[in-house]
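Working notes for the structure below.
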Amino acid sequence: MSIEELSNILEEHGIKATANRLLVAKALNDSPHPLSLMELEDVIGSIDKSGISRCLTMFREKRLVHSIEGSPEGTRYEICRSHDSGHDEDAHVHFLCVKCHRTICLEKIPIPLVSLPDGYIMESSSYIIKGICPDCSSNPGGAK
């Protein structure tokens, strides 16, 4: 995705497209899997952890990223492909490999609907399956 396209997506979500925000969005967009704050810092190189963290906080508030918790490395982030800043239409299941610690998007598997009791209001949901990925199951020494 081009910088111009990313800039348009940021603006559609009510986010001013600054250089740092574009760099963080591009790193997330270009990654084949969700990234941790530390991984983003390594990939980008030119922005410190606090700058990346500020971008991620804004992106979460404006529903531009999904945050995936439960990994030993901490929260991971991925670009939300939704076209609506108020609703995540691309929510999907994630798989956390307990051997190599990769978080893998299972985009074809939607998060199951849950009926909440009266009075509860859902704001977001996350669905993580933990187990052993195909790479690790075919390589007993691990996929690293």
In whole percent, how big is the carbon plus sulfur part of the accessible area of segment 1-122, probe 1.4 Å, protein atoms only?
-> 52
Starting at the first residue of segment 110-116, write each ³J(HN,Hα) from the Karplus equation 6.51 cos²θ - 1.76 cosθ + 1.60 with θ = phi - 60°, in whole Hz, x for Gly and Pro.
-> x, 5, x, 6, 10, 8, 8
For Tyr127, other-chain or 5+-apart residues with amide H closer than 5 Å (H placed, Pro excluded) are His94
Among the listed pairs Lys26/Lys49; Lys16/Lys108; Lys99/Lys130; Lys26/Lys62; Lys108/Lys130, give every one whose C-alpha distance is greater than 20 Å.
-> Lys16/Lys108
Using θ = phi - 60° and the Karplus form 6.51 cos²θ - 1.76 cosθ + 1.60, what ³J(HN,Hα) does each residue of segment 22-33 get, whole Hz, x for Gly and Pro?
-> 5, 5, 5, 4, 5, 4, 5, 5, 7, 7, x, 8
Kindly state, to the nearest 0.05, the FRET efficiency for Ile111 paired with Ser2, given R0 = 22 Å and r defined as their beta-carbon distance.
-> 0.15
Given a cut-off of under 8 Å on Cα pairs at least six residues apart, what relative contact order in percent is computed for the chain?
-> 18
List every residue whose amide H lies under 5 Å from the amide H of Arg102, counting only residues 5 or more places away in sequence or on a different chain, with H placed 1.01 Å from N in the peptide plane.
-> Cys97
Options (1) 30, 17, 13; (2) 37, 32, 15; (3) 25, 22, 13 for semi-axes √(5λ) of the Cα gyration tensor in Å; the value derived from the coordinates is listed as (3)
Summing -39500 (n - 2.57) over the DSSP H runs of n ≥ 4 in the chain and dividing by its residue number, what mean residue ellipticity at 222 nm do you reach, to the nearest 500 deg cm²/dmol?
-> -9500 deg cm²/dmol
Quick one: which of 119-130, 34-45, 101-112, 19-30 comes out on top by average Cβ neighbours within 10 Å, and what's the full order, highest first?
-> 19-30, 34-45, 101-112, 119-130
Summed residue charge, Cβ within 13 Å of His33's Cβ, Lys/Arg positive, Asp/Glu negative | -4
Rounded accessible area per residue of the chain, 1.4 Å, Å² = 62
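The values are calculated or read from the model by the stated rules, or taken from the named source; none is laboratory data. Just so it is clear, the model here is predicted, and its values are computed rather than measured. Don't worry about glycine lacking a Cβ; one is built from the backbone with ideal geometry, like all the others, and counts go over all protein chains shown. Quick note on the areas: whole protein, heavy atoms, side chains included, nothing else; ligands and nucleic acids left out. Shrake-Rupley method; radii C 1.70, N 1.55, O 1.52, S 1.80 Å.
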